[in-house]
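Structure record follows, encoded as structure tokens.
The values are calculated or read from the model by the stated rules, or taken from the named source; none is laboratory data. Only a predicted model underlies this, so the values are computations on that prediction, with no experimental measurement involved. All Cβ positions, even for glycine, are placed from backbone atoms using ideal geometry, and neighbour counts span all protein chains on display.
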Amino acid sequence: MARPTDRLLEIYLADHLAAAAAGLALVRRAARSNTGTHTGDRLRRLAAEIDEDRHTLHRLVTDLGFSGSKPKEVVAWVAEKVGRLKLNGQLRGYSPLSRVLELEALSVGIAGKLALWETLQRVPDPRQRLRASELRHLIERARRQREEVEELRLEAVNQAFAEGSAGQGRA
């Protein structure tokens, strides 16, 4: 019989696995939208790392005998697609505001992933499915990813809201 804490852990990990799928879709889309730029190059590299992190989480879920939640993954996928419909100051296409909003969402997602890895450091794991050294590596990588995205976000803010950029002056 499963312990109540096991069920809670399964739900928690399924939520993060669904969020990881949405985050990966977001970073890949943002990288495509910024192809040929410094931002696009950095986002493409980050997408590969985020995909590795998602695979690590999926492996952990499987090793624990849990499964992801297909309905949660579908909801996360739909939410990521709906997020594209937000107004960005242009009727069609990608705007400087699109980049700012995508990077903000990505930053929040990476913060959630960091919280996941830090939480897993505190969860008793008698079979040591994730070694302490692996968790430390994942935590440090999430911190570095967040710093990198924050740097890109601030660059995007400066580009989007600089006086006279994209025909958008301050009122």
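Of the conditions (1) at pLDDT 60 or above; (2) in a helix (DSSP H, G or I); (3) touching a helix residue (DSSP H, G or I) at 6+ places or on another chain (Cβ under 7 Å), residue 76 fails just one. Which one is it?
For residue 76, the failing item is (1).
Suppose we filter 87, 64 for residues that are surrounded by fewer than 17 Cβ atoms within 10 Å (Cβ to Cβ) and modelled with pLDDT under 65; which single one remains?
87
Could you list, ordered by first residue, the pairs with Cβ atoms under 9 Å in which the first is in segment 16-30 and of a type outside the set (S, T, N, Q) and the second is not in a helix (DSSP H, G or I), at least 6 apart or interchain?
Final answer for the pair search is 17/68; 17/69; 18/68; 18/69; 21/68.
Can you name every residue in segment 129-163 that is closer than 30 Å to residue 13 by Cβ, assigned to a helix (DSSP H, G or I) and among the hydrophobic types (A, V, I, L, M, F, W, C)?
132, 135, 138, 139, 142, 149, 152, listed by residue number.
Give just the number: which of (1) at pLDDT 60 or above; (2) more than 14 Å from the chain's Cα centre (by Cα); (3) not basic (Lys, Arg) does residue 117 not satisfy?
(2)
For segment 1-35, enumerate the residues that are more than 19 Å from residue 100 (Cβ to Cβ) and not in a helix (DSSP H, G or I).
1, 2, 3
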